[in-house]
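The next block holds one structure in the form of structure tokens; read it before the comments.
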Amino acid sequence: EDQVTQSPEALRLQEGESSSLNCSYTVSGLRGLFWYRQDPGKGPEFLFTLYSAGEEKEKERLKATLTKKESFLHITAPKPEDSATYLCAVQGPGGATNKLIFGTGTLLAVQP
Amino acid sequence: EPEVTQTPSHQVTQMGQEVILRCVPISNHLYFYWYRQILGQKVEFLVSFYNNEISEKSEIFDDQFSVERPDGSNFTLKIRSTKLEDSAMYFCASSGVLAGTRRETQYFGPGTRLLVL
């Protein structure tokens, strides 16, 4: 069964303290791995798509990487406005469906 | 920047009543989805829709649920007889042919918070 596990569940950082979030996955034929940011009471906001092992994407203080078993979201010198829940989702083999399978997310709190 | 919109933002209903949640996907997208998120839980897939028909549905999407694209812009989710356990945040998403993106990237709306009393 396709599955996504994110760790840690929650992370508290001081402003400027870099860290990484982990997303481990098992899926029969990964077609894409997605990172979203979700603020309280809001919809997931797209950050990155990764398609193959070794791929990396960057956006401001965020960098996403992908291996055959997991993905990392690296946060460099975070600011309080980076506080949010970060969601990882995978998409399995093609065909009739494009459904995303989500992890439970990592709640990030960045303190000034 | 194109975005998915949803109405209403909040909906309170009595158990057994019908509700219709509305979504306007990103223009020119071809694939449409509904997901839900029960408070404190993960986002769960409900249904995908392409070419005016359901392409996949989850076990959650039983006979009480239906989807429709009544015109060229709206995409709706109907729950015929709501239950207490239907209380959740419902997200619409779309993906498809858009300059600079690939088919698989799904963009989510802000959600409709449904509360069944």
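The values are calculated or read from the model by the stated rules, or taken from the named source; none is laboratory data. Since this is a predicted model, take the numbers as computed values, not measurements. Cβ placement follows ideal geometry from the backbone for every residue including glycine, while neighbour counts extend to all protein chains displayed. Keep in mind that these areas ignore ligands, DNA and RNA; they rest on the heavy atoms of the full protein, side chains included. Shrake-Rupley method; radii C 1.70, N 1.55, O 1.52, S 1.80 Å.
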Selection within the range A:58-109 - touching a helix residue (DSSP H, G or I) at 6+ places or on another chain (Cβ under 9 Å) and open to solvent by less than 10 Å² (accessible area, probe 1.4 Å):
A:I75, A:L108
Hits in the range A:3-38 - residues which are within 13 Å of another protein chain (Cβ to nearest Cβ), open to solvent by 50 Å² or more (accessible area, probe 1.4 Å) and either in contact with a Gly (Cβ under 6 Å, 6 or more places away or on another chain) or not small (G, A, S) (or both):
A:Q3, A:T5, A:E9
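In the range A:1-59, which residues are of a type in the set (A, V, I, L, M, F, W, C) and closer than 23 Å to B:P2 by Cα?
Matches in the range A:1-59: A:L33, A:F34, A:W35, A:F46, A:L47, A:F48, A:L50.
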Does at least one position in the range B:100-116 carry a residue that is open to solvent by 70 Å² or more (accessible area, probe 1.4 Å), away from every other protein chain (no Cβ under 14 Å) and not in a loop (DSSP other than H, G, I, E, B)?
no
Check the range B:83-96 and report whether any residue there is more than 13 Å from B:F32 (Cα to Cα) and at pLDDT below 95.
no
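If only one of A:E45, A:E56, A:E81, A:E70 is within 13 Å of another protein chain (Cβ to nearest Cβ) and modelled with pLDDT of 95 or more, which one is it?
Matching residue, one of A:E45, A:E56, A:E81, A:E70: A:E45.
Confirm whether A:T76 is in contact with a strand residue (DSSP E or B) (Cβ under 8 Å, 6 or more places away or on another chain), modelled with pLDDT of 95 or more and within 11 Å of chain B (Cβ to nearest Cβ).
no
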